[in-house]
Amino acid sequence: MGGRRRKRKIVLKTKRTPPKVFRCPICEGFPLRLDVEKDGAVIAKCAYCGLTKSFSVAAGSEPIDAYYALLSMLGGENLG
Ligand SMILES: [Zn+2]
C-alpha cells in the first residue's frame, strides 16, 4: 500500500557564465581577455596595449581568479 515516493533531484543549470574580459592593469584599457583552460593554464591578452601573459592558476579556477593572479603578478596591491 501507499505510493512510492521518489525523490527527484532536479538540477537546474543556473550557472551564469562568469565574465571573461577585464580591465587591463597596465594601460587600463578594455578589454583584457583572459582565457582559462581547465588545467589552469591562462592566457591574458590586452587588446589595447598588447600585453600578453601566459601563466597558470589552480585547475578549475575562474577567469576572475586568473585576473587577481595577474594583478598580483604585475606588481602589487596598489593596482586594484
Ligand atoms: Zn593593456
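In region 39-62, which residues are buried (at least 17 other Cβ atoms within 10 Å of the Cβ) and away from the ligand (no atom under 16 Å from the Cβ)?
Once the filter is applied, which keeps residues that are buried (at least 17 other Cβ atoms within 10 Å of the Cβ) and away from the ligand (no atom under 16 Å from the Cβ), region 39-62 yields V57, S61.
Are there any pairs, at least 6 apart or on different chains, whose C-beta atoms fall under 9 Å, with the first in region 43-58 and under 13 Å from L32 (Cα atoms) and the second near the ligand (Cβ under 8 Å from one of its atoms) and of a type in the set (V, I, T), and if so, which?
So the pair list comes out as C46/I26; Y48/I26; C49/I26; L51/I26.
Just give me the residues in region 63-77 being in contact with a helix residue (DSSP H, G or I) (Cβ under 9 Å, 6 or more places away or on another chain) and either loosely packed, with under 12 Cβ neighbours inside 10 Å or hydroxyl-bearing (S, T, Y) (or both), in sequence order.
Step one: filter region 63-77 for residues in contact with a helix residue (DSSP H, G or I) (Cβ under 9 Å, 6 or more places away or on another chain), giving 71-72, 77.
Within region 63-77, S72, E77 meet the criteria.
Mind checking which pairs have a first residue in region 66-80 that is assigned to a loop (DSSP other than H, G, I, E, B) and a second that is among the aliphatic types (A, V, I, L, M) and at pLDDT 90 or above, Cβ under 9 Å, 6 or more apart or different chains?
Pairs found: L74/I26; L74/L51; G80/L71.
Scan region 28-43 for residues that are modelled with pLDDT of 95 or more and on the phi > 0 side of the Ramachandran plot and report the count.
The number of residues fulfilling the criteria is 1.
Which of the following residues is surrounded by 10 or more Cβ atoms within 10 Å (Cβ to Cβ), at pLDDT below 95, in a loop (DSSP other than H, G, I, E, B) and within 13 Å of the ligand (Cβ to nearest atom): P25, P19? It would help to see each step written out before you state the result.
Details: P19 fails: within 13 Å of the ligand (Cβ to nearest atom).
Result of the check over P25, P19: P25.
Among the residues of region 44-53, is any within 14 Å of the chain's Cα centre (by Cα) and either on the phi > 0 side of the Ramachandran plot or at pLDDT 85 or above (or both)?
In the first step, residues of region 44-53 are kept if they are within 14 Å of the chain's Cα centre (by Cα); the result is 44-45.
Applying the additional criterion that residues be either on the phi > 0 side of the Ramachandran plot or at pLDDT 85 or above (or both) yields 44-45.
Yes: one or more hits.
The values are calculated or read from the model by the stated rules, or taken from the named source; none is laboratory data. These figures come from a predicted structure and were not determined experimentally. Cβ coordinates were reconstructed from backbone atoms using ideal geometry, including for glycine residues, and neighbour counts include every protein chain displayed.
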